[in-house]
Each structure stands twice: as C-alpha cells, then as structure tokens.
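The values are calculated or read from the model by the stated rules, or taken from the named source; none is laboratory data. Note that the structure is predicted; figures quoted are calculated from it, not measured. Counting neighbours? That spans all protein chains shown, and the Cβs are built from the backbone with ideal geometry, glycine included.
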Amino acid sequence: MAISNIWYFLSALTLLSALMVVLAKNPIHSVLYLVFTFFCISGHYVLLNAQFLMAVNIIVYAGAIMVLFLFVIMMFDLKKNQPESKSSLTKLAGSVVAGTLLVLFIALLRKNTLQAPLEANFKSQTGMVETLGKLLYTEYLLPFELISILFFVAMVGAVMLGKREAGERNF
Amino acid sequence: MELLSDLFLAKAAFIGIVFAITLGVAAYSTYFERKIAAFMQDRIGPDRAGPFGILQPLADAVKMFMKEDFIPANSNKWLFIAGPCLSMLTALMTSAVVPFGDTVTIGGTTFDLQGIDVNIGILWVFGIVSLGVYGILIGGWASNNKYSLLGAIRAASQNISYELAMGLAIIAILLFTGSLSTKAIVEGQQNGHWNIFYQPLGFIIFLICAFAECNRTPFDLPECETELIGGYHTEYSSMKLGFYLFAEYINMFISGAVMATLYFGGYDYPGIDFVTAQFGNNVAVFVGMGALIGKSLLFVFVFMWVRWTLPRFRYDQLMGLGWAGLIPLSMYNVVVTAFGILIGKPFTAGVVGVILLIVGLFVHDQLFVKKKIA
C-alpha cells in the first residue's frame, strides 16, 4: 500500500470523526469521537515521522484531558440538561458564516500555490525526540522556560481554586 | 511496505507468541491467585478440576461463556459492549514495546525479540496506561447504574492522579539512560547494573503507582464491594465481566514486565557470559527471555501477596497518598538523581538521598506532628 493512500484514508477518517463530534446528539458520543479524532491526528504525526509528538498527543489529550471531559460530562444528568434546539435563524446564520469561510479558504488556496519542500533539504530525523530536545534547549530556550513558568503559575492557580477555605463544607 | 516479507512474518509470529504467553499467564494467574489466597488463609483452594485443580481456569472460562449474557435496559448498548473490549485492547497493547530479549540469529536471519523498537518506547507505555481507564469509564457509564458510575469516576480520578507520580519516577530513569527507548534502557543495565540499586525510592514509587493503575488492592476502590456493590462491573455478567477481570490480570503481568524492564535489568541475568560461552548466543537470549518472564511472574506474585495482606484504603487516603505523598517524593527523587549524575556518583547520591529522606521524615515527625496522648 502506498503511503499516500494511507494518508487519504487517515484524512477521511479524521474529517469524518471530527464531523461526528459536532453532529452526535449525545455529549458522551461527542467526546468519544473527539478521542478518536485525536488518534487519527496522532496517526498523521506518525506519517510525518514525528513519533514524540504522537505519543505526547495521546498522553496529554486522549489520556488526560479527554478523561477529565468525560468525567465532567458523566456527572451531568443528560436527560434534564438537554440544550434547547436552535432556532432556524441561528442555523441559517451559522451556515452562511461557515459557507463564506469555506469559499474564502478555497479562494486562498487557489491564489497561492503552496511550495512543496525540496527533497534535497528534507531531513527525516526532524521530528525525533533527540532533535526536538536539542532545539528546545538551545535555540528556543527562553520561550521554553517562559512557558514552563506559565504552566507553573496555572498549576498553582488550579490548586488555589480547588482548595477548601476554612469553615467551608467538606463536600 | 512489503506485506509478506520475512521481517513482517517474523514480527507477526513474535507478537502472536507474546499474546499467547500473556493470555496463558493471565489465565493461570486466576488459578494461582486463588491458591495463594487459600495458602494465606490456611485453606486448600481449588482442587477439583484435574490434579491440584490445574484445569480450574478452563472450567472458569466454560462457566463464563455459558452464563446468560445480560444487557440492562436503558443502558447504552454499544458502549456497554465497547467497555470490556477497550479494556482488553489497552491491556494487550503495552507489550508491543517491552524488549523480551536481545537479537537471535536463526538460519542466517537476525530477529529482534521485541514487538517494535521505537525511540519513544517508554512514552508508548505511558500513553497506553493513560488510555486504560477508558474501558472502565465507558463501561461504568453505559451500565446506567449509579454504583457503576461512581466506580467509573473513582477509576478515572485515581488513574490520572497516580500517572503524575509514575511519570516523575520514569523521568529519574530517563536521566540515567538518556533515551526513551525501552531497549536502550535495558542495554544500559546489563551485567548487573540494575536500576533498582540506583533508584530504590523511584522503584517503590513506581510499584505503588502500578498497583493504583491496575486497580489492585489496596487501591481497588473502583470495584470496592463494601461501598459500591461491584463498582464499575456491577451490571456485567458472562464473558464481558470475564474480560474485565482478565484485563486486570493481563495488566498485572505487563506492568510486572515493564517494572522488570525499567528497574530489574530486563532480560539480563547473572551468568549470561557463561551461558553464551557454553551454549551460544541464541540459547543465552532465550534464557534471558525466560528470565524476564520469571521476573514479571515474581511481580505478579507480589501483587497477589499484597492483595491478601493489606486492607483497602479509604478514598481520601488514596488521593492524599497520591497528591501529597508520592508526587513530592518523586520530585525529590528526580532532584537527588540529577544531583548524583552531576557529581558523577549516582549510587552514593541514591543511598544518601534515601537516608536524608528518612532522617527528614523522622525530624518532621518529632517536631511538628502532635502525638495523641495515650
């Protein structure tokens, strides 16, 4: 099987599952389709020879964030909290906006023919974890450290928000 | 991509053998679980099916398949079926990156006794472990039963909490090896330089996290019978229940293999040079594969031993241990390990780190913890 066929299959699967995230009536199904979409995107990373990104994508998104999404949605009583269906005006407005965006994108793509990367400059090891780590700790050291401070602040903030204040109830 | 090349067939055969070993071990774990429980409680245990009850797993399987397969009304049928399937799938996927042995040469062709040797091996294990909770979560929710849901929610929060400490314990190993590949981690430990000697604290953290990730006693709160009937598998019957229980035993075996890979030298064993000199490379490699499986079985025994020795934790104790106990401890471990590598004496730093920790805990206990007056 040629690699481009795998790419087409994977892309079709990604788009289909991403569509199902929006179209599914049940929020739990939506989340599960979203998890599947993340798997498809991880498959694309493997095709790009970026295995580290693939693993991190699965660990962070599919393994942690989506589990928490499921966790929260399972706490809802879905029968009571049905969102009321949108009026036809909202639907019409949404379709017009989405259609305009689609036309814009197609026009953009037709105007600018994207350059394929030259085969001579292509390095197959770019996505490997060793290359990535060296790049992060040399060329992009400052942004990397700043991001880690940002994460640290967010973590402390989450702990502060979650902390029970004195005299508050236990549950 | 040639589909029927020698390499592909060899890999397929190897993965098939690994699956067969894993499933066989998991089936017989149920038998030994009962035998060990019986031994610890001064009973005889299963002894009816065959000599010493050795056919008991077979009888259990027949029983599981013959029982009525029940799907509760108002449950989400597809997700109800998907739950145990996902549990089995994620349990079996981890073994792909565990290196079961070095390379063997049969008929002039060299085979690698490992499913896939990727340079992100340990991240793969970590990713699949974090996916393992989906089977329980989906099954518990789809059952349309509040006890199942409570069990599923407990499983989710427990797994996420203990993943963090597990990841930090792995980071200390990666500091030693400098590679994410499981093969490189094992090759760095050959000739008796096992990571357990340099990372005793890290190993204890990893072991506790493995208990929590496998939902084994003392952390089996998702299926806590005293509070939640059967937890996430309350509504399950027949082989669907069987798959959930089976997945737990597979997880035990595979996490034993991962612990052996990370901390106990993988397929390394004492006297490997002697065996190589006497019987050739291939025999030595297969003995190494046996050594790895033996180490994993030892861990399976530890899992059972703990199950029949310790009582279950309370849920707030579990969360407290994970967040306030293990995560600071593993961060301390990472710092000590990094310091040891910096000064070039990892072994001394590890020992001094453990001693300092014990002294610190003792001083803290004496100074700040109020004693109850007896």
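The table below gives the values:
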{"item": "Given (1) of a type in the set (Ser, Thr, Tyr); (2) surrounded by fewer than 19 Cβ atoms within 10 Å (Cβ to Cβ); (3) closer than 28 Å to B:Leu174 by Cβ, index of the condition B:Tyr198 fails", "result": "(2)"}
{"item": "Any hit, the stretch B:232-246, residues being aromatic (Phe, Trp, Tyr), in a loop (DSSP other than H, G, I, E, B), buried (at least 24 other Cβ atoms within 10 Å of the Cβ) and more than 19 Å from the chain's Cα centre (by Cα)", "result": "yes"}
{"item": "Failed item, numbered, when A:Met1 is tested on (1) within 12 Å of chain B (Cβ to nearest Cβ); (2) at pLDDT below 85; (3) under 19 Å from the mean Cα position of the chain (by Cα)", "result": "(3)"}
{"item": "Residue match in the stretch B:349-356 (condition: small (Gly, Ala, Ser), at pLDDT 85 or above and under 20 Å from B:Ala169 (Cα atoms))", "result": "no"}
{"item": "Yes/no for A:Thr113 being surrounded by 10 or more Cβ atoms within 10 Å (Cβ to Cβ), more than 10 Å from chain B (Cβ to nearest Cβ) and not basic (Lys, Arg)", "result": "no"}
{"item": "Members of the stretch B:262-274 found to be in contact (Cβ under 8 Å) with a residue 60 or more places away in the chain, assigned to a loop (DSSP other than H, G, I, E, B) and aromatic (Phe, Trp, Tyr), listed by number", "result": "B:Phe264, B:Tyr267"}
{"item": "Which listed residue, of A:Ala12, A:Ala50, A:Ala64, is within 11 Å of another protein chain (Cβ to nearest Cβ), more than 21 Å from B:Val129 (Cβ to Cβ), out of contact with any Lys or Arg (no Cβ under 8 Å at 6 or more places or on another chain) and not charged (D, E, K, R)", "result": "A:Ala50"}
{"item": "Verdict on B:Ile36 being loosely packed, with under 15 Cβ neighbours inside 10 Å and at pLDDT 85 or above", "result": "no"}
{"item": "Any chance B:Ala49 is within 23 Å of B:Thr22 (Cβ to Cβ) and either assigned to a helix (DSSP H, G or I) or within 12 Å of chain A (Cβ to nearest Cβ) (or both)", "result": "no"}
{"item": "Helices (runs of 4 or more DSSP H) completely within the stretch B:115-207 that count 2 or more residues being without any contact (Cβ under 8 Å) to a residue 12 or more places away in the chain and within 14 Å of chain A (Cβ to nearest Cβ)", "result": "B:146-177"}
{"item": "The lone exception for B:Leu92 - which of (1) free of Cβ contacts under 8 Å to residues at least 40 places away in the same chain; (2) outside any loop (DSSP other than H, G, I, E, B); (3) closer than 30 Å to B:Ala142 by Cβ; (4) not acidic (Asp, Glu) it fails", "result": "(1)"}
{"item": "Residue within the stretch A:130-144 that is within 14 Å of another protein chain (Cβ to nearest Cβ) and surrounded by fewer than 10 Cβ atoms within 10 Å (Cβ to Cβ) present", "result": "no"}
{"item": "Enumeration of residues in the stretch A:106-124 that are within 17 Å of A:Ala50 (Cα to Cα) and either touching a residue at least 40 places away in the same chain (Cβ under 8 Å) or assigned to a helix (DSSP H, G or I) (or both)", "result": "A:Ser124"}
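Condition check ((1) farther than 30 Å from B:Asp117 by Cα; (2) at pLDDT 85 or above; (3) over 23 Å from the mean Cα position of the chain (by Cα)) across all residues:
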{"residue": "A:Leu92", "(1), (2), (3)": "yes, yes, yes"}
{"residue": "A:Val96", "(1), (2), (3)": "yes, yes, yes"}
{"residue": "A:Thr100", "(1), (2), (3)": "yes, yes, yes"}
{"residue": "A:Leu108", "(1), (2), (3)": "yes, yes, yes"}
{"residue": "A:Lys111", "(1), (2), (3)": "yes, no, yes"}
{"residue": "A:Pro117", "(1), (2), (3)": "no, no, yes"}
{"residue": "A:Ala120", "(1), (2), (3)": "no, no, yes"}
{"residue": "A:Val129", "(1), (2), (3)": "no, no, no"}
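Each row is one residue, and each column tells you yes or no for (1) out of contact with any Phe, Trp or Tyr (no Cβ under 8 Å at 6 or more places or on another chain); (2) at positive phi; (3) in contact (Cβ under 8 Å) with a residue 60 or more places away in the chain.
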site	(1), (2), (3)
B:Leu241	yes, no, yes
B:Tyr244	no, no, yes
B:Met252	no, no, yes
B:Ala260	no, no, no
B:Thr276	yes, no, no
B:Phe279	yes, no, no
B:Asn282	yes, no, yes
B:Val287	no, no, no
